[in-house]
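This report refers to the structure that appears directly beneath it.
None of the figures in this text is laboratory data; all of them are computed from the coordinates on show. This is a predicted model, so every value here is computed, not measured. Neighbour counts are summed over all protein chains in view; Cβ atoms, including those assigned to glycine, are modelled from backbone coordinates with ideal geometry.
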Amino acid sequence: KTEKTKAGEVLFEADRVLKSIMNGEDSLTEKPVPKFDGYKALHAFINDNAQNQCQTQYGISNRMWFDVAKVELKKSADELAIEFADVAVKLNAETTASNVKP
């Protein structure tokens, strides 16, 4: 469990930032996220790449989330702290179409 831990706080913030990047707007400040080469907010990417008009007209649902695949901890050299020895985090994505007419 990561509830009420620094690791949980970091994962929660990473998820918030991921969703802000997807939406093109920071969820706290409501300011546009910084752009980089090739970046498009998810809604703009879908609109530009929809195979046909009905996909954008009737809806595509997208979600992204992190899974912590592996965490190994070790004692620090002075044995006063615990350090992350190895961490693997996976980004998952799923797209589904709903109410799409053929």
From the cross-link list K6/K31; K6/K75; K6/K35; K40/K70; K4/K70; K6/K40, which pairs have alpha carbons spaced over 22 Å apart?
K6/K31; K6/K35; K40/K70; K6/K40
Could you give the nm distance between label points at F45 and E30, where each point is 7 Å from its Cα heading toward the beta carbon?
2.6
Show me the ranking of peptides 23-36, 79-92 by mean Cβ neighbours inside 10 Å, starting with the highest.
23-36, 79-92
Each label point is 7 Å from the Cα along the Cα-to-Cβ direction; what then is the distance between the points at K70 and L11, in nm?
1.7
Spin-label pair A77/L18, simplified geometry with 7 Å Cα→Cβ offset, distance in nm
3.4
Rounded to the nearest 0.05, what FRET efficiency do R63 and V87 have when you use their Cβ-Cβ distance and R0 = 22 Å?
0.45
